1. Could you tell me which residue of the range 450-475 is least open to solvent (accessible area, probe 1.4 Å), considering only residues that are farther than 20 Å from V307 by Cβ and acidic (D, E)?
2. Please tell me if I366 is under 22 Å from D474 (Cα atoms) and aliphatic (A, V, I, L, M).
3. Read through the list (1) closer than 23 Å to I227 by Cα; (2) touching a His at 6+ places or on another chain (Cβ under 6 Å), then give the number of the only condition that L292 fails.
4. Scan (1) in a helix (DSSP H, G or I); (2) open to solvent by 20 Å² or more (accessible area, probe 1.4 Å); (3) over 23 Å from L450 (Cα atoms) for the single condition S529 breaks and write down its number.
5. Give the range 365-383 a look and list any residue that's over 18 Å from E407 (Cβ atoms) and open to solvent by less than 20 Å² (accessible area, probe 1.4 Å), or say none.
6. Is it the case that some residue within the range 182-203 is open to solvent by less than 70 Å² (accessible area, probe 1.4 Å), at pLDDT 95 or above, in contact with a Phe, Trp or Tyr (Cβ under 9 Å, 6 or more places away or on another chain) and of a type in the set (F, W, Y)?
7. Among the residues that make up the range 265-276, is at least one of them open to solvent by less than 60 Å² (accessible area, probe 1.4 Å), modelled with pLDDT of 90 or more and β-branched (V, I, T)?
8. For the range 217-241, how many residues are among the β-branched types (V, I, T) and crowded, with 17+ Cβ neighbours inside 10 Å?
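The values are calculated or read from the model by the stated rules, or taken from the named source; none is laboratory data. Quick caveat, the model's predicted, so the values are computed rather than measured. Neighbour counts are summed over all protein chains in view; Cβ atoms, including those assigned to glycine, are modelled from backbone coordinates with ideal geometry. Side chains included, ligands, DNA and RNA excluded: accessible areas come from the protein's heavy atoms. Shrake-Rupley method; radii C 1.70, N 1.55, O 1.52, S 1.80 Å.
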Amino acid sequence: MKRRQKKVMISNEMDLSDAVIVKSGRLKSVVWNDFDRVKKGETYVAICRHCKKRLSGSSASGTSHLRNHLIRCRRRINGNGVVAQYFVKGKKKEGRVVELANEKKKDEEQQLSVVSVRYEHDDDVVSAGLDQRRSRFDLARMIILHGYPLSMVEDVGFRMFIRNLQPLFDLVAFERVESDCMEIYAKEKHKMFEALDKLPGKISISVDVWSGSDDTDEFLCLAAHYIDETWELKKRVLNFFVVDPSHTGEMLAEVVITCLMEWDIDRKLFSMASSHSPPFGENVANKIRDRLSQNKFLYCNGQLFDVSCGVNVINQMAQDSLQTCCDTINMVRESIRYVKSSETIQERFNQWTVEAEAESERNLCIDDPVRWDTTCTMLEIALEQKSAFSLMNEHDPDSVLCPSDLEWERLETVVEFLNVFVDVTNAFTKSTCLPANIYFPEICDLHLRLIEWCKNPDDFISSLAVNMRKKFDDFWDKNNLVLAIATILDPRFKMKLVEYYYPLFYDTSASDFIEDVVECIKALYDEHSIGSLLASSDQTLDWRNHHHGSNGVRHGKELDDRFIEFDRYINNTTTTTPGQDSTSDLEKYLEEPLFPRNSDFDILNWWKVHTPKYPILSMMARNVLAVPMSNVSSEEDAFETCQRRQVSETWRSLRPSTVQALMCAQDWIQSELESS
């Protein structure tokens, strides 16, 4: 850097009394209209005619440093306001010029006034060496990506920063950047539409309720979950709109269906996941399912369509556990707060832990009331030192009342519950996109634990377990089929995991429930088999239309409607010829040995590799494994006592159409960056 400055800067102390002004026809650059080039000995110096600053005039130094100086030269800008005309380097066109002119700025920018070098290019302004449009859209994308407020472009500090960083950039107002954000959203939406249109499989959607300012506004976030042509599981936000408080469940269902139709995916749906919390209750999900089933868009008559959020039911059970022991938990919390109130009390408590042999490697901590996993940690550490709390009650009359032995014992059992919930929640939220096969083993293990907890001899604990199991059973009854099918499509387990767990759940009735699963997966396979026949007929039709024209030929949808029952007949009545393999993909898959279990197993890659071997079953796996059994986006959200996410303060006051554009575009841009 020092060598660079030495090259272009000339000391003002250099004696130029005997220097000679160089007049040469070789000085082609227009910057020399504002500089005198002089020579002293072997040194060439360029002297600004406005501020008399000296810079290198050597031909080896070029003229970029001279042009940059002119842009910032205060005396030239604030002098007589004369407009100099320049052709921009690399942008010369006949009859077009660039102007160096004074610009009137707002009061806060007056001291930062600079020369604006502009090149008129179509409908936009391109500054010398600076693409204004691209720079504007880079700014808009930055605001979208990081959730910055749109009004930041009008902040004094931001405008000063930009002026110093790049004086040629034309600062924009709020309305301009909002318009740019909407244009980015429109372009990204078009790309998203094309991506969904080209998908080889079905799409599952999730519906999540967000809160606005002070929980008075509610938003619905509609997201698509699918496995693309490269067998990558993806999640993309499609819509983000304000819920009208006056809307009934039927009206809200129509709004969602309209969104699906606008994306042209109403015929491509496989399932829909929601937490069934107001305003998107179970009746809304049922209305959407019934509407789509009427048009025969859903597999198995919609039996697998409506699924619940697994993290949500775990969160509810954790809340029940904490609420049941809230008085005892408050005693522990206040006791810890008392211990940490002064160094003296903390030292005495440390002595009691030694005396009671209750020393712990972890320090006492206060929980965050809005995150139940922190409450679990607080109680877990306190339980390790419960004997010390008892000594504190005996020897310190000012101490807060601690739990009794029975309360400590019950609290220990509740913490056992909470630790299980934490482990399952962590398994469900380790990634924003998880294939559906991972849920069944975790859910089944939790099911077994609930059965054991209900047998606890303490009525206090058993009644708590019974209440939690009611919530779990509601979830299980609605989702066990899709969970079981997903795990059957895991080559490490197939039917074996279902056959292992169901007798533990249902005892002598297990065979009936297993048969329900078998019938459902066979029906689902048969429908995919028919779909494969229809896809083949569509390809044949496309070929005929391309080569022979479409006059007098039914369109694809009409052909589907006409022959769908015929295809079922063919599928059910066709017999194989001698020597032909009569087993289906599903039968061959289930008959083969289990794939070895290992920690780095990638189920999507397995199906990608085995697609040629199981063409129809792989199509089914693509659809089932994309079912979202959790609509919680992160581990932090999963443990919050109020699981509703909130729109950021910087965006919630904007127009609803702008909020949707920003939220959707942010998701699409972030996803693109993560996958690049």
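1. Among them, the one singled out is D458.
2. no
3. The single condition L292 does not satisfy is (2).
4. (2)
5. Correct list: W372 only.
6. yes
7. Looking only at the range 265-276, we keep the residues that are open to solvent by less than 60 Å² (accessible area, probe 1.4 Å), and these are 265-266, 268-276.
Among the residues that remain, those that are also modelled with pLDDT of 90 or more are: 265-266, 268-273.
So of that shortlist, the ones also β-branched (V, I, T) come out as 265.
Scanning the range 265-276 turns up at least one residue that is open to solvent by less than 60 Å² (accessible area, probe 1.4 Å), modelled with pLDDT of 90 or more and β-branched (V, I, T).
8. 2
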